[in-house]
Amino acid sequence: MKTLTVTGWSQILLGMVLAVGVCGGDEALAQIGGSHKLVPVLWNNGKVYFLQGNEYTRYDVASDRVDERDDQGNPYPRPIQGNWPGLFTEDIDAAVFWPAPPPHGGEPKTVAYFFKGNRFMRYDVTADRADAADGAGTPYPQPIALKWPGIWTDRVDAVVVWPVPRNGRTVAYFFRGNQYIRFDVKNHRADPGYPRPIAGNWPNFKFPDGVDGAVAWPDKIEGKSVIYFFKGNQYMRYGVEADRGDDRSEGGLNYPALIAGNWPGLLRAQVEVEINQTAAETDDYVTWAPTFSRARIKPGTWGGPDLSVVLTNDPPVAGVSAGDLLFDAFQTPWPPNTTATADTLPLTLSADSSWKSFVIAGKFGRPSTTDKDAVIEVHETTAAGPVVGKKSLMVRIRKNANALTAPERDRFLRAMKELRNRGEYFIFQETHRLAVTVMDRDQAHHQPGFLPWHRAFLTQVERALQAIDPSVTIPYWNWDDAAPNVFIQDFMGAGAGGSGPVAEPLFALSNPLNGWRTDLRYAAGQLRRQRWDQTVAPASSLPFRTLTGPTGLVSFADFGPQTGSPGQTLNDTFSARVEQESHDLAHAWNCGFGHSVNPNRSAADPLFYLLHSQVDRQWAFWQQRHGRHGVSVAGSLTFPAPAHFDNTGRWDAAGVTDWWRGSFADDTMWPWDGTAGPSGPDARGERPVPQASAADLLDPVTGENVTAGRPMVPRTFPSSSVGNLWPAGATAVRVRDVIDYLGKHRPQDGLGYAYDDVPY
């Protein structure tokens, strides 16, 4: 912390005053990282404090270098908050030690002024804290326009008080852009005739387009009084007595000169980091899978040699759950079945600001809870060195709905409601309805394509939700356990109670799902589910097959195939068992004869998506246990049956000869392949009925008419908004496209999601 010495203070005031401000341009000097604004203030202890962003460091005038630690042994940089009581805590534009008591009366005292945007604050130097209010009781911060007549009212880039009288007056100079204003300190007003251009009025000035900061140096340099001006990674020296810019020092240093090497420890390069190797913030989301990223020295902020840095996570905060990352060196091609594993990563960044690639992944067990709560810190030299760059991102993972925080839950509900308001929810509802409406056949169920079809479908819905709120994923309803936090009025709705088979679930008035209507063409109206308490474990009333355990779903080594239609002999395969002994029971358990029991209308209930996130999680869990993400043979990814999907068009299943499209790895799936109606001579070409048909179909459960008009369903799967995820362009989805959802064999083929309890 600053140490005040009152003795000799008046002499210091006569000998020097320093002030500085910083413009917001890209060329601004970067010392610590984050904000570009660098604000030095010379204190009465022989130190210059450089404030930047929300931190500050200290420069020792006598030794001419940055102090490593403060007087209590705390390393620099230090946070402004808590060390400059009452002051702006970040992004200060300009500061000036004022060579006169506060104007307009009030208590005479030694003060400094700090400017930010269109406001300013006064700092009591002796008390070592910002004033809460002026002498008239007006609180700080105050508008610049209120107390600084003639000065720009919305931004000040720099201020410097001329260290010797000008024609018998003490004057200060305010800078903004390529202009300046002269200010009469005693009369506290700008001189008439200003602003004026820097060019032509400051002889031999090296930065006529503007400066980032300035300091009137307290000690004479080479026998003369000087002011230093900073811009980007350079600085110049201005001779006070000669009133002109210097061209070179006595040692032969030409101006403007590089800050690096001439201000020991002051200039630290600003490092910028890009996730997914783009500057866009919309793709700053990762899972447990490897994500290609890169870092570089921000152009214009460094003039030194190559820079050694170490990447780390930001320090944990007690009581706060936030995302953490793992790091790894970049390799091309990336080794299959590997992800980032290190807690830190050393990198050498080129002085020419070229990019250096590296790899990151979310740290298993440490997902994010809020958007961009995972922070990469870039430290100079060592993991404990000064921070020279930061990047915020999110470890975005599908989570157990029962364990969501209230903010996570509410963000999902709001996004779901907005999806409905935009009309997109109805499109997805129709997509699922038409996929199962194939006369006596079902496009997306009762066959090996059940899991990949719903994986593609769920991915498309989730990406639509993330276009509304990028922090959202589709949580899963884990019915292996009770879900007391899911079936409540604040989330998926509580049982209505009373008699009768089904009723509208109860929602809190504040729940975005309150008043949810199904908007079905043939069954519009209120949502319908079972009336009883649904917070209990589903296995208490139906024989669910659990995911784990000796007879759990993971105990089945083979993926498929499944029987051609319900009622046939059930194969001992994962695909068959997960659909009929887990998925089907979940649809029936809490819905009875409500919406979710019938696939023609199940997607009308928002619970449908939590249900299918659980089904996909079960598949992901099975894949991880059995290594069923694919086998690379001569550079080609295959999924050999019976372990997983058949690649040749033949399932060796006794008694099953009739396969539908979607049963084989290279089959495309409706609606993303653009087909409608029969498209081939055999059963595998069967598609849903032509959507333009005037014919109506009957709901097999209710007998209601199902209008077969043309819905607005997607005809291709849209390209990913993230460049390093599947698909690169709109595509007809093949089964093989969605099996390796983590991109274990090629990260660019990942789908961009993962589960909280399924490691890489």
ALA557-SER354 FRET efficiency (beta carbon distance; Förster radius 35 Å; 0.05 resolution): 0.10
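Looking at the chain, send over the antiparallel percent of its DSSP beta bridges, to the nearest 5. Don't skip to the answer; put the middle values down first.
Working: 110 of 114 bridges.
Just about 95 percent of them are antiparallel.
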Leaving out ligands, DNA and RNA, and with a 1.4 Å probe, what % of the accessible surface on region 249-317 is carbon or sulfur? 50
Net charge, ALA496 excluded, C-beta distance under 10 Å - Lys, Arg +1, Asp, Glu -1: +2
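Scale the Cα Rg of region 224-363 by the rule-of-thumb value 2.2 N^0.38 Å and send over the ratio, two decimals. Show your work: numbers first, answer last.
On the way: Rg = 20.6 Å, N = 140, 2.2 N^0.38 = 14.4 Å.
That works out to 1.43 for region 224-363.
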At q = 0.11, 0.13, 0.21 Å⁻¹, what is the base-10 log of I(q)/I(0) for region 148-294 according to the Debye formula with one equal point scatterer per Cα and no solvent? Please give it to two decimals. -0.55, -0.69, -1.34
Ratio of the Cα radius of gyration of region 292-413 to 2.2 N^0.38 Å, where N counts its residues: 1.19
Reachable aspartates and glutamates from LYS391, Cα under 14 Å, same-chain residues fewer than 8 places away excluded? GLU272, GLU274, GLU281, ASP283, ASP284, ASP314, ASP324, ASP371, ASP373, GLU377
Near LYS206, which aspartates and glutamates are there with a Cα under 16 Å away, not counting those fewer than 8 places off in the same chain? GLU27, ASP243, ASP246, ASP247
What does the convex hull of the alpha-carbon atoms of region 394-527 project to on average, in nm²? 9.9
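Okay, helix-only estimate at 222 nm for the chain: each DSSP H run of n ≥ 4 adds -39500 (n - 2.57), divide by all residues, round to 500 deg cm²/dmol; what do you get?
Numbers: 9 runs with 95 residues, N = 760.
Here the helix-only value at 222 nm equals -3500 deg cm²/dmol.
So for region 310-460, averaging the separation of alpha carbon pairs under 8 Å that are six or more residues apart and normalising by length, what relative contact order in percent results? Please report the intermediate quantities before stating the final value.
On the way: 190 pairs, mean separation 31.0, N = 151.
Value for region 310-460: 21 percent.
Between ASP533 and THR731, what's the calculated FRET efficiency when r is the beta-carbon distance and R0 is 60 Å? Round to 0.05. Present the calculation step by step, with values, prior to reporting the outcome.
Numbers: r = 44 Å, r/R0 = 0.74.
It comes to 0.85.
Go ahead and run the numbers for FRET between ALA62 and ARG746, Cβ-Cβ distance against an R0 of 60 Å, rounding to 0.05. Walk me through the intermediate numbers first.
On the way: r = 59 Å, r/R0 = 0.98.
Efficiency, from the Cβ-Cβ distance: 0.55.
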Charge sum, other residues only, whose C-beta stays under 15 Å from THR381's C-beta, Lys/Arg counted +1 and Asp/Glu -1: -3
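Ignoring ligands, DNA and RNA, what accessible area per residue does the chain give at 1.4 Å, in Å²? Show your work: numbers first, answer last.
Numbers: 29210 Å² over 760 residues.
I get 38 Å² per residue for the chain.
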Starting from the 7 Å offset along Cα-to-Cβ, what nm value, one decimal, do you get for the label separation of ASN178 and LEU146? 3.5
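Pairwise over distinct Cα atoms, reciprocal of the mean inverse distance: report the Kirkwood radius of the chain in Å, one decimal place. Numbers along the way, then the final one.
Numbers: mean 1/r = 0.0331 Å⁻¹.
Taking the inverse mean of 1/r over all distinct Cα pairs, the chain comes out at 30.2 Å.
Anything over 19 Å Cα to Cα? Flag those among LYS147/LYS186; LYS47/LYS298; LYS47/LYS220; LYS372/LYS744; LYS109/LYS186, in the order listed.
Working: LYS147/LYS186 14 Å; LYS47/LYS298 28 Å; LYS47/LYS220 15 Å; LYS372/LYS744 25 Å; LYS109/LYS186 15 Å.
Check vs 19 Å cut-off fails for LYS47/LYS298; LYS372/LYS744.
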For q = 0.19, 0.23, 0.25 Å⁻¹, Debye-computed log10 I/I(0) when each Cα of region 343-439 counts as one equal scatterer: -1.03, -1.23, -1.32
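Kirkwood Rh over Cα pairs of region 242-319 into Stokes-Einstein at 4 °C, 1.567 mPa s: D in µm²/s?
Values: Rh = 16.5 Å.
Estimated via Stokes-Einstein, D reaches 79 µm²/s.
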Could you give the C-alpha radius of gyration of region 49-172 expressed as a fraction of 2.2 N^0.38 Å, taking N as the number of residues it contains? 1.13
Stretchable slack from GLU107 to ASN514, in nm (0.36 nm times residue separation minus alpha-carbon distance): 140.5 nm
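The values are calculated or read from the model by the stated rules, or taken from the named source; none is laboratory data. What you are looking at is a predicted structure, and each value in this text was computed from that prediction instead of being measured. Ideal geometry is used to build each Cβ from the backbone, glycine not excepted, and the neighbour counts take in all protein chains shown. To get the accessible areas, we keep the full protein, side chains included, count just its heavy atoms, and leave off ligands, DNA and RNA. Shrake-Rupley method; radii C 1.70, N 1.55, O 1.52, S 1.80 Å.
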